[in-house]
Amino acid sequence: MISPEQIERMVAIGSDHAGYRLKEELKAELGAMGYQVRDVGTDSERNCDYPDFALAVAETIGRGEASKGVLVCGTGAGMAMVANKVPGVRAAACNEPYTAEYCRRHNDANVLTMGARMIKPEAARRILHIFMETDYEGARPDGARHQGRLEKIKEIERKYMKEQ
Ligand code: RB5
């Protein structure tokens, strides 16, 4: 049985071929930050399809086996598109620090996606730290509006899940 504390420290990570090298760097960085990392692949720079890895990370979050996910492709866009199809996932493409900070503070994003063709590894590490270290503000007395907006996202999810 995995404890809530263990799940809180568990991060799922994945990439396609374009993001492979950066994914390996970010995996090491997360380990150095004290996180347990579940790597769903890919395992080389051989051509592959980003939806396969985005789905694997998103489903890990959806099943509640990790609290956060990190996905790297060429731009971060394709990974976010796929991950956001999975109920319970709020993925944000962050290729600069501001989005990384505010998608945590206001949106309680649980999956960070980045574009290895758009940012240097050092910038990606900084964005990773901001994402992992910034708290959601929705539980604060002055943060109710954020929680209300999150509830609307959940309502949309429920609507389309019903229609399947
Ligand atoms: C692969 O060439 C590229 O399309 C992919 O990594 C990603 O950028 C898609 O969003």
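The values are calculated or read from the model by the stated rules, or taken from the named source; none is laboratory data. Source: prediction; values computed, not measured. With ideal geometry, Cβ positions are generated from the backbone for all residues, glycine too; neighbour counts draw on all protein chains shown. These area figures cover heavy atoms from the full protein model, side chains too; ligands, DNA and RNA do not enter into them. Shrake-Rupley method; radii C 1.70, N 1.55, O 1.52, S 1.80 Å.
For this structure, a couple of remarks:
- The figure for H129 is an accessible area of roughly 50 square angstrom, using a 1.4 Å probe on the protein chains alone.
- A 1.4 Å probe, protein heavy atoms only, puts the accessible area of E59 near 80 Å².
- Note on the chain: Lys pairs 8 or more places apart or on different chains, Cα atoms under 16 Å apart, count 11.
- Sites R21 and I156, calculated FRET efficiency, Cβ-Cβ separation with R0 25 Å, nearest 0.05: 0.10
- Fraction of alpha-carbon pairs over 20 Å apart in the chain - percent: 48 percent
- Additional length obtainable on full extension of the chain from E96 to E65, 0.36 nm per residue less Cα span: 8.4 nm
- Using 0.36 nm per residue and subtracting the Cα-Cα separation, the extra length available between E122 and R140 on full extension is 3.3 nm.
- Gyration tensor (alpha-carbon) shape descriptor, the range 124-164, a/c threshold 1.5: oblate
- Of all the options I13, I61, I119, the one that moves most in a Gaussian network model of the chain with Cα springs shorter than 10 angstrom is I119.
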